[in-house]
Amino acid sequence: MSTAQTQASPNSRYEHLGALICDAAEMLRPPERLTVSGAAAKYRWLNNAPAYVGPWLNEKVPYMVEPMDALTSREFNSVIFVGSAQSAKTDSLLLNWLLYSVICDPADMMIVQTTAHEARDFSRRRIDRMHRHSREVGRRLMPGGHNDNVLDKMYRSGMMLSLAWPSISQLSGKPIPRVAITDYDRMPMDVDGEGSPFDLGRKRTTTFKSFGMTLVESSPGKEVIDPKWIRRTPHEAPPCEGILALYNRGDRRRWYWPCPHCGEFFEPSFDLLRWPDTEDILEAGEAAMMACPHCHPSSGALIEFFRRKEMNEQGVWLREGERIDRNRKRSGTPVRSDIASFWAKGVIASFMSWQTLVVNYLKAKQEFERTGSQEALKSTVNTDQGEPFFPMGTGSLRLPEELKARAKDFDKGKVPADVRFLMAHIDVQKNRFEVQVHGISPGNPYNIVVIDRFPIIKSNRVDEDGEKLWVKPSAYPEDWELIITEVIEKEYPLEDGSGFMPVMMTFCDSGGREGVTTNAYNFWRKLRKEGNGLEKRFLLVKGDSSPNAPRAHLTYPDSARKDRVAGARGEIPVLLLNANVLKDQLDNMLERRDAGSTVLWPEWLPDEWFQELTVEQ
């Protein structure tokens, strides 16, 4: 076929023979001897107008150079990076590694995002823009829509880039030399029952031996499993699932700065920041400075924020077991591992100011003090500070004897003068209903007073000798009728003797042993059928399994979708409660001693009651 015919063919991918030869030569070109950070400095162009337009500058993020260059080391098969927001970890590790792979040393690569939606967004928002702005990357992209779609990219060298998400079909059966997993702690830790995303991703690279590499990056987001954990080594992370568990598998590197005052190296962290005690949060943030742990507190030698740049430029990564003196001489025996793991805290992040860190923390702390919710605190500690979150109150033990010492001299079953209404709460146990009655009094926003606590143990059923049998909530629907007289219709005398106060609303557990849910639903139907309005004063409750669920929301279960055994038809109201949020609020109220938003309890309560309040963390 002639050249003219080749050019005229509608199925031809090349306009002339020279273009075909150039593409073939691209496949045979030897790797360019550059590190990932060196390739970024040579070929990466950023267009983040109006903030910055220009070449990639490693000096802007000096703490990312070593993690980037570890990606090409044959000493390791994995790189784990724990970092805060605004630390440039995604740009430095994922995109610069992709750039290196496309230009310097082509090899197939997979980038795993949290969801399919995030994978598509990352492809369009980050990768396609890098193709446009960094021309040496873009010109190596194969032409044609089938070579450049949302989830797959083909390059002239023959390299393929795949965008994926955590599913067994995406993470199995594909030998891929380079796998990058981003935002790891927002992924399920068990993919379709086959294992963690990291372990599944690393299996894809094993065929390539020392040439294979798996990257995982994320800010912390998993709960600390043991809040009473005590660190055994300086660089050990708390026991968590997710990225910190992977970090502990590696050589555990931390970033150290030299103090501009004494010259000694230390690891910067949020707990070393100091700010004035003022009600003006912005003023506190603007005045934030860092205390060197080596300088004596009486010296007043605090480190100003403007010095962070120079300290980052002089910073070093130290592995577990390494030490460094003020003359930059290293000593010690570093931990050996086939995983290079790094942990960069939020105070070193080049694009996050100390003012922002302090302001976000103080705002979240205020919200916790107002509402008892720790969600905003958890978010800023995990994302901004790059630290695992220890729930408030777990740093010290709450002892039963301390709680009992705060008990008040209330008469059992009598309503104090400031109580406005009563609520009863029923916990369904194997062989009893456990009932506690609370009074609600004005506060900020309210106080809770324990009025009564008692079990419903004996049923109206009798044995052969006429003795009453134990209550069995899961087995006998008629045992639930005891709730009507013992709780819903019960009235309590006012403390001053002027009258009685009825229970306004009764909340009852609707889960537990098999049969409880069915009997609970049938009891509510019975109340409604009797027509005296008692069903309006009785509400079933259930814990919501989702950690991000609202504090409380009303649902109407339907057996067409779930709860088939219970036989619900969408007519029974069930209040779903976010147990984590409510326990946080209760923990905060138990700590308060003033009349703001607290819990008050009487002296007549048994010791077991006080022990119950110390069991949960």
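The values are calculated or read from the model by the stated rules, or taken from the named source; none is laboratory data. What you see is a predicted model, and the numbers here were worked out from it, not measured in a lab. Neighbour counts are summed over all protein chains in view; Cβ atoms, including those assigned to glycine, are modelled from backbone coordinates with ideal geometry. Surface areas here come from the heavy atoms of the whole protein model, side chains and all, with no ligands, DNA or RNA. Shrake-Rupley method; radii C 1.70, N 1.55, O 1.52, S 1.80 Å.
Below are the figures for this structure:
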| item | result |
| --- | --- |
| Residue list for the stretch 301-336, restricted to those being open to solvent by 80 Å² or more (accessible area, probe 1.4 Å) and over 18 Å from LYS60 (Cα atoms) | ARG323, ARG326, ASN327, ARG328, LYS329, ARG330, THR333, ARG336 |
| Close pairs from the stretch 35-63: first at positive phi, partner part of a strand (DSSP E or B) and not charged (D, E, K, R), Cβ under 9 Å, at least 6 apart | GLY54/TRP45; GLY54/LEU46; GLY54/ASN47 |
| Of residues in the stretch 38-65 being of a type in the set (Lys, Arg) and more than 31 Å from the chain's Cα centre (by Cα), the one nearest to ASP128 (Cα to Cα) | ARG44 |
| Residue match in the stretch 115-133 (condition: under 25 Å from PRO55 (Cα atoms), open to solvent by 60 Å² or more (accessible area, probe 1.4 Å) and assigned to a loop (DSSP other than H, G, I, E, B)) | no |
| Residues located in the stretch 145-157, provided they are open to solvent by 40 Å² or more (accessible area, probe 1.4 Å) and either touching a Pro at 6+ places or on another chain (Cβ under 7 Å) or in a strand (DSSP E or B) (or both) | ASP148, ASP152, MET154 |
| Selection within the stretch 529-543 - within 15 Å of GLU486 (Cα to Cα) and not in a helix (DSSP H, G or I) | PHE538 |
| Any helices (runs of 4 or more DSSP H) falling wholly within the stretch 346-461 and containing at least 3 residues that are under 27 Å from LYS542 (Cβ atoms) | 354-371, 375-379 |
| Residue match in the stretch 219-241 (condition: touching a residue at least 60 places away in the same chain (Cβ under 8 Å), basic (Lys, Arg) and out of contact with any helix residue (DSSP H, G or I) (no Cβ under 6 Å at 6 or more places or on another chain)) | yes |
| Residue within the stretch 403-410 that is modelled with pLDDT under 95, crowded, with 17+ Cβ neighbours inside 10 Å and within 24 Å of VAL487 (Cα to Cα) present | yes |
| Scope the stretch 544-560; condition more than 29 Å from VAL415 (Cβ to Cβ), open to solvent by 20 Å² or more (accessible area, probe 1.4 Å) and either small (Gly, Ala, Ser) or part of a strand (DSSP E or B) (or both); matching residues | SER545, SER546, HIS553, THR555, ASP558, SER559, ALA560 |
| Residues of the stretch 478-528 that turn out to be in contact with a helix residue (DSSP H, G or I) (Cβ under 6 Å, 6 or more places away or on another chain), under 29 Å from LYS412 (Cα atoms), open to solvent by 20 Å² or more (accessible area, probe 1.4 Å) and assigned to a helix (DSSP H, G or I), as a count | 0 |
| Single residue of the stretch 458-488 satisfying the filter (free of Cβ contacts under 8 Å to residues at least 40 places away in the same chain and of a type in the set (A, V, I, L, M, F, W, C)) that is farthest from ALA424 (Cα to Cα) | VAL462 |
| Yes/no for GLU375 being touching a residue at least 24 places away in the same chain (Cβ under 8 Å) and among the acidic types (Asp, Glu) | yes |
| Set PHE390, PHE342: member being open to solvent by 50 Å² or more (accessible area, probe 1.4 Å), in contact with a strand residue (DSSP E or B) (Cβ under 9 Å, 6 or more places away or on another chain) and in contact (Cβ under 8 Å) with a residue 40 or more places away in the chain | PHE390 |
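Residues are listed down the side, and each one gets a yes or a no for (1) under 38 Å from the mean Cα position of the chain (by Cα); (2) basic (Lys, Arg); (3) more than 30 Å from ARG186 (Cβ to Cβ):
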| site | (1), (2), (3) |
| --- | --- |
| LEU422 | yes, no, yes |
| HIS425 | yes, no, yes |
| ILE440 | yes, no, yes |
| PHE454 | no, no, yes |
| ASP463 | no, no, yes |
| GLY466 | no, no, yes |
| LYS472 | no, yes, yes |
| GLU481 | no, no, yes |
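Yes or no, residue by residue, for (1) of a type in the set (A, V, I, L, M); (2) more than 18 Å from LEU98 (Cβ to Cβ); (3) open to solvent by 20 Å² or more (accessible area, probe 1.4 Å):
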{"residue": "ILE168", "(1), (2), (3)": "yes, yes, yes"}
{"residue": "ASP185", "(1), (2), (3)": "no, yes, no"}
{"residue": "THR214", "(1), (2), (3)": "no, no, no"}
{"residue": "GLU223", "(1), (2), (3)": "no, yes, yes"}
